[in-house]
Amino acid sequence: QVQLVESEGGVVQAGGSLRLSCAASGSIFSITSMGWYRQAPGKQREWVAVATSEGSTNYAGSVKGRFTISRDNTKNTEDLQMNSLKPEDTAVYHCNAATLVGDYWGQGTQVTVSS
């Protein structure tokens, strides 16, 4: 089992920045990648970013160039640095950890971007 604990989100103005953190515990050795998803009101959950154990990162087109995902294998944490935030970035953000036998999810944290 893998447990994921996320930091609190917050409310920021458009154009501002916010950093989310996720700490993993449990069967850390089984994690192959960690990432972030988000779900806005009335929308389906969408993938945002992923970081592999090898250091590769990928981003959804909607956040590419604005968000940066980082993973610290020694601390078993991952961060999502969000810059140039837009009102459409408002959503509940979930940390995700992928293993060979399934995915694990954090509790979700609210990010609100005001116009």
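The values are calculated or read from the model by the stated rules, or taken from the named source; none is laboratory data. Model, not experiment: these values are computed from the prediction. So basically every Cβ, Gly included, is an ideal-geometry build from the backbone, and we count neighbours across all protein chains shown. The accessibility values were calculated without ligands, DNA or RNA, using every heavy atom of the protein model including side chains. Shrake-Rupley method; radii C 1.70, N 1.55, O 1.52, S 1.80 Å.
I need the full set of residues from region 13-36 which are within 19 Å of Ile69 (Cα to Cα), touching a residue at least 60 places away in the same chain (Cβ under 8 Å) and assigned to a strand (DSSP E or B), in order please.
Leu18, Arg19, Leu20, Cys22, Ala24, Ile31, Thr32, Ser33, Met34, Gly35, Trp36
Filtering region 80-89 down to residues that are under 14 Å from the mean Cα position of the chain (by Cα) and open to solvent by less than 30 Å² (accessible area, probe 1.4 Å), which residue is farthest from Ser114 (Cα to Cα)?
Leu80
For Val113, which of the numbered conditions (1) crowded, with 18+ Cβ neighbours inside 10 Å; (2) touching a helix residue (DSSP H, G or I) at 6+ places or on another chain (Cβ under 9 Å); (3) within 16 Å of Val2 (Cβ to Cβ) fails to hold?
Against the list (1) crowded, with 18+ Cβ neighbours inside 10 Å; (2) touching a helix residue (DSSP H, G or I) at 6+ places or on another chain (Cβ under 9 Å); (3) within 16 Å of Val2 (Cβ to Cβ), Val113 comes up short only on (3).
Counting only residues that are aromatic (Phe, Trp, Tyr), give me the strands (runs of 3 or more DSSP E) lying completely in region 58-115 with at least 1 of them.
Per the criteria, 67-72, 91-99, 102-105.
Among the residues of region 59-66, is any closer than 17 Å to Thr109 by Cα, surrounded by 14 or more Cβ atoms within 10 Å (Cβ to Cβ) and within 11 Å of the chain's Cα centre (by Cα)?
Scanning region 59-66, I find no residue that is closer than 17 Å to Thr109 by Cα, surrounded by 14 or more Cβ atoms within 10 Å (Cβ to Cβ) and within 11 Å of the chain's Cα centre (by Cα), so the answer is no.
For region 37-48, state whether one or more residues are farther than 19 Å from Gln1 by Cα, assigned to a strand (DSSP E or B), open to solvent by less than 50 Å² (accessible area, probe 1.4 Å) and among the charged types (D, E, K, R).
Checked against the condition, which is being farther than 19 Å from Gln1 by Cα, assigned to a strand (DSSP E or B), open to solvent by less than 50 Å² (accessible area, probe 1.4 Å) and among the charged types (D, E, K, R), region 37-48 yields at least one hit.
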